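*Asks:* This structure is in structure tokens; I'll ask about it shortly.
The values are calculated or read from the model by the stated rules, or taken from the named source; none is laboratory data. Just so you know, these numbers come straight off a predicted model, no measurement behind them. All Cβ positions, even for glycine, are placed from backbone atoms using ideal geometry, and neighbour counts span all protein chains on display.
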Amino acid sequence: MLRNLIRRLSGASLPEKLSYEESRKILETRANELKKELCVREDVAPEILYYLATDPDPKIRKEIAANRGTPAQADLVLAADDSTDVRCELARKIARILPDLDPDEERRTRELLVAALEKLARDVFPRVRAILAEELKSATNVPASVVKRLARDLETMVSAPILQYSPLLSDDDLIEIIAGAKADGALEAIARRNGLSSKVSDAVISSFDVPAVAALLVNRSAQIREEALDRLVEEAEAVETWHSGIVMRAELSVRAVRRIAGFVGASLLQTLSTRASLDAETAQHIGIRLRERLSEEKALTARDEDAEGEVERAAKRGALDDGFVAAAAEAGSKATVICALARLNRLPSAAIERIFAARSAKAITALVWRAGLPMRVAMKIQTFLLKLTQREMVFARAGVGFPLSEDEMRWHLSYFGING
């Protein structure tokens, strides 16, 4: 019978209908190609799929992990698989099917899948946890305990999607996370949430996390009390990334508008001048500041053109390297460093400027890595241009290496719309 089955299947795909006995015989043949076809089918007997979950070939186990017909008992086994690729595939599948299971009709299956999910949420590899977070970020019919664990993850690529989107996090949860946040970017993700309450906004503002407050200000759905906004205006002159967001807030008082007019750029002054609530005296004040600012920005444009010329000359003589960028950073030549990084990354200067304005040490580190420069250049930029505090800085691993994985650096760049 076995020889007949092999002969029948030789050079052909498996038949549309396959009995349990035929499936078992295929396993006995040890024919890997037939097993590969078998493990992707959802109509195969659960016992067969369970058996294949322990196959020596990780490619077979990966297909079993992705198969929606695989029994939950096998999924629980695969959650501890030696292969990261297998666990990633399993995380993606479970996170997609669990929210749709009926809690009553599929109780035992759900219990097993939840156990697998909890195990994956504690996986030692961030990539596995990040897949879970991305898939579960909008889910409602999943264990809140798993979501809260992911929300508190020390890896931003894991916590950020949950913190920004999950409906299972209450205001109290978010405030507690803000108070004890350790992951860089966690507060920024919270600040981007839709419909953020004034209570949570107050907590973000009190943290004085610069990127988080910048994200909060541009979040039109976030509620911000006028008193809190006035407090930010007093601090905003030294934080350029807050300027645009503050100008666009509808809650600004006239006093705040006049204060802002003293430090924002010409384009934002023009935006301020169009506010319907301005009285004649305030409108005149803004007009005076606008003329002054236009004159100042003309001088800055000339300086930027000089920086572009310097970078162009260095590139032509083959000197646009880590030594050039490090020296420019030490000299405080921000425009030169931005032009150099833009050229080396083949990106517009505006993209580099956004990262500098955000003062994100991890994003700067990722940008330097993408440019093919060593970590010491990122250290120079953090120290001499951004003037970050010790707490804000990202330090080299063993004094010379990049402290972030390539996946992490790509993620931080993607936050600014840059492909790694």
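*Asks:* Name, by its number, the condition in (1) assigned to a helix (DSSP H, G or I); (2) surrounded by fewer than 13 Cβ atoms within 10 Å (Cβ to Cβ); (3) under 30 Å from the mean Cα position of the chain (by Cα) that does not hold for Ala250.
*Replies:* Looking at each condition in turn, Ala250 falls short on (1).
*Asks:* I need the full set of residues from segment 253-270 which are surrounded by 14 or more Cβ atoms within 10 Å (Cβ to Cβ) and either at positive phi or among the β-branched types (Val, Ile, Thr) (or both), in order please.
*Replies:* Val257, Ile260, Val264
*Asks:* Name the residue, out of Met393, Met409, Met379, that is among the aliphatic types (A, V, I, L, M), more than 23 Å from Arg313 (Cβ to Cβ) and assigned to a loop (DSSP other than H, G, I, E, B).
*Replies:* Values: Met409 fails: assigned to a loop (DSSP other than H, G, I, E, B); Met379 fails: assigned to a loop (DSSP other than H, G, I, E, B).
None of the other options fit; the residue is Met393.
*Asks:* Moving to a separate point now. Go through (1) assigned to a helix (DSSP H, G or I); (2) aromatic (Phe, Trp, Tyr); (3) under 21 Å from Asp209 (Cβ atoms) and name the single condition Trp369 misses.
*Replies:* (3)
*Asks:* For residues that are part of a helix (DSSP H, G or I) and over 21 Å from Gln390 (Cα atoms), tally how many sit in segment 336-366. Write out each step before concluding.
*Replies:* Just the residues of segment 336-366 that are part of a helix (DSSP H, G or I), to begin with: 336-345, 349-358, 361-366.
With over 21 Å from Gln390 (Cα atoms) added as a condition, the list becomes 336-345, 349-354.
Matching residues across segment 336-366 total 16.
*Asks:* Counting only residues that are modelled with pLDDT of 80 or more and outside any helix (DSSP H, G or I), how many does segment 270-280 have? Working first, answer last.
*Replies:* Our first condition is that a residue be modelled with pLDDT of 80 or more; within segment 270-280, this holds for 270-275, 278-280.
Pick out the ones that are also outside any helix (DSSP H, G or I) and you get 274-275, 278-279.
Counting residues in segment 270-280 that are modelled with pLDDT of 80 or more and outside any helix (DSSP H, G or I) gives 4.
*Asks:* Of everything in segment 79-120 that's among the basic types (Lys, Arg) and touching a residue at least 12 places away in the same chain (Cβ under 8 Å), which residue is farthest from Ala133 (Cα to Cα)? Can you show your working first?
*Replies:* First, the residues of segment 79-120 that are among the basic types (Lys, Arg): 87, 92-93, 96, 107-108, 110, 119.
From the residues that got through so far, the ones that are touching a residue at least 12 places away in the same chain (Cβ under 8 Å) too are 87, 92-93, 96, 108, 110, 119.
Details: Arg87: 14, Arg92: 10, Lys93: 13, Arg96: 11, Arg108: 24, Arg110: 19, Lys119: 14 Å.
Only one residue fits best here, namely Arg108.
Residues are listed down the side, and each one gets a yes or a no for (1) modelled with pLDDT of 95 or more; (2) under 23 Å from the mean Cα position of the chain (by Cα); (3) closer than 20 Å to Phe416 by Cα:
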residue: Ala366; (1), (2), (3): yes, yes, yes
residue: Gly372; (1), (2), (3): yes, yes, yes
residue: Ile381; (1), (2), (3): yes, yes, yes
residue: Lys387; (1), (2), (3): no, no, no
residue: Arg397; (1), (2), (3): no, yes, no
residue: Val400; (1), (2), (3): no, no, no
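*Asks:* Please specify each residue of segment 237-276 satisfying the condition of being in contact with a helix residue (DSSP H, G or I) (Cβ under 8 Å, 6 or more places away or on another chain) and more than 18 Å from Leu290 (Cα to Cα). Don't jump to the end; show me each part of the working.
*Replies:* Within segment 237-276, the first condition is being in contact with a helix residue (DSSP H, G or I) (Cβ under 8 Å, 6 or more places away or on another chain), and the residues that meet it are 239-249, 251-266, 268-273, 275.
Val239, Thr241, Trp242, Gly245, Arg249, Glu251, Leu252, Ser253 - these are the residues of segment 237-276 that are in contact with a helix residue (DSSP H, G or I) (Cβ under 8 Å, 6 or more places away or on another chain) and more than 18 Å from Leu290 (Cα to Cα).
*Asks:* Residues in segment 191-211 that are assigned to a helix (DSSP H, G or I) and either of a type in the set (A, V, I, L, M, F, W, C) or closer than 20 Å to Leu388 by Cβ (or both): how many?
*Replies:* 8
*Asks:* Going through segment 127-153 one residue at a time, which ones are of a type outside the set (A, V, I, L, M) and more than 16 Å from Leu90 (Cβ to Cβ)?
*Replies:* Matches in segment 127-153: Lys137, Ser138, Thr140, Asn141, Pro143, Ser145, Lys148, Arg149, Arg152, Asp153.
*Asks:* OK, next. Out of Arg220, Arg192, I need the residue that is at negative phi, within 25 Å of the chain's Cα centre (by Cα) and buried (at least 16 other Cβ atoms within 10 Å of the Cβ). Which one?
*Replies:* Answer to the check: Arg192.
*Asks:* Restricting attention to segment 293-338, and to residues there that are within 29 Å of the chain's Cα centre (by Cα) and closer than 30 Å to Leu272 by Cβ, which single residue is modelled with the highest pLDDT?
*Replies:* Ile338
*Asks:* Being assigned to a helix (DSSP H, G or I), small (Gly, Ala, Ser) and out of contact with any helix residue (DSSP H, G or I) (no Cβ under 6 Å at 6 or more places or on another chain): is that true of Ala283 here?
*Replies:* So Ala283 fits the description; yes.
*Asks:* Determine which single condition Thr389 fails, assuming it passes every other condition in (1) surrounded by fewer than 18 Cβ atoms within 10 Å (Cβ to Cβ); (2) among the hydroxyl-bearing types (Ser, Thr, Tyr); (3) touching a Leu at 6+ places or on another chain (Cβ under 8 Å).
*Replies:* That leaves (3) as the condition not met.
*Asks:* If I ask for residues that are buried (at least 24 other Cβ atoms within 10 Å of the Cβ), in contact with a Lys or Arg (Cβ under 6 Å, 6 or more places away or on another chain) and closer than 15 Å to Ser414 by Cα, which ones from segment 150-177 would you list?
*Replies:* Val158, the sole residue that qualifies.
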